[in-house]
Amino acid sequence: MKYDKQVLSEIAGIENWEEFEEFVKRLYAKNKHSINVERNYRAKGASGRNREVDVRVTFGFNPHILSLGIECKYWSKKIDGDIIDVAAAKKDDLRLDKYAVITTVGFEAGAEIYAKSKGIDL
């Protein structure tokens, strides 16, 4: 997959990380009947530590609600394994069903392998 900030900027008018997070939020918010999308979700994890997730998506119907955390990285360098560590910790601590890292520039090869081992979608 090709990652290109200039193309994204031209197509969607995205020029910074805040607009990128809002773009991802709007993308997931299209189905309003069974989906809830929050940007800058903050909660205390099972560890007692305060956590923040760029975009949290919950969907389904009670009692079958699934949760997805999304880390948005509008960076100038490829994402490394340290970001995957943070994503895996947030997923576990907040007891989210799934977690994904979305970026405009791609991932280092080691980060892709590590993410797969941790159940983090890229």
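The values are calculated or read from the model by the stated rules, or taken from the named source; none is laboratory data. This structure is a prediction, so every number in the text was calculated from the model and none was measured. Note that each Cβ is placed from the backbone with ideal geometry, even for glycine, and that neighbours are counted across all protein chains shown. Note: areas computed on protein heavy atoms with side chains; ligands, DNA, RNA excluded. Shrake-Rupley method; radii C 1.70, N 1.55, O 1.52, S 1.80 Å.
So here's what we get for this one:
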quantity: Residues whose placed amide H lies under 5 Å from that of residue 79, excluding near-sequence neighbours; calculated: 106, 107, 108
quantity: Residues with amide H under 5 Å from that of residue 54, placed H, sequence gap 5 or more; calculated: 70, 72
quantity: Gain in span if fully extended, residue 10 to residue 27, counting 0.36 nm per residue against the direct Cα distance; calculated: 4.4 nm
quantity: Accessible area of the chain belonging to carbon and sulfur atoms, whole % at 1.4 Å probe; calculated: 49
quantity: Signed unit charges on C-beta, dipole axis of the chain, positive-most listed residue 59, 79, 119; calculated: 59
quantity: Estimated 222 nm signal from helices in the chain, with DSSP H stretches of n ≥ 4 weighted -39500 (n - 2.57), rounded to 500; calculated: -10500 deg cm²/dmol
quantity: Solvent-accessible area per residue for the chain (1.4 angstrom probe, square angstrom); calculated: 62
quantity: Positive minus negative residues near residue 97 (Lys, Arg vs Asp, Glu; Cβ under 13 Å); calculated: +3
quantity: Sequence-separation-based contact order of segment 13-87, relative, with Cα cut under 8 Å and 6+ spacing, percent; calculated: 24
quantity: In sequence order, calculated HN-Hα J values of segment 72-77 (Karplus, 6.51, -1.76, 1.60; Hz; x Gly/Pro); calculated: 9, 10, 9, 10, 9, 10
quantity: ³J(HN,Hα) computed for each position of segment 9-18 - Karplus, 6.51 cos²θ - 1.76 cosθ + 1.60, integer Hz, glycine/proline x; calculated: 4, 5, 6, 10, x, 9, 10, 7, 5, 5
quantity: Listed residues 37, 105, 57, most fluctuating in the chain (Gaussian network, C-alpha, under 10 Å); calculated: 105
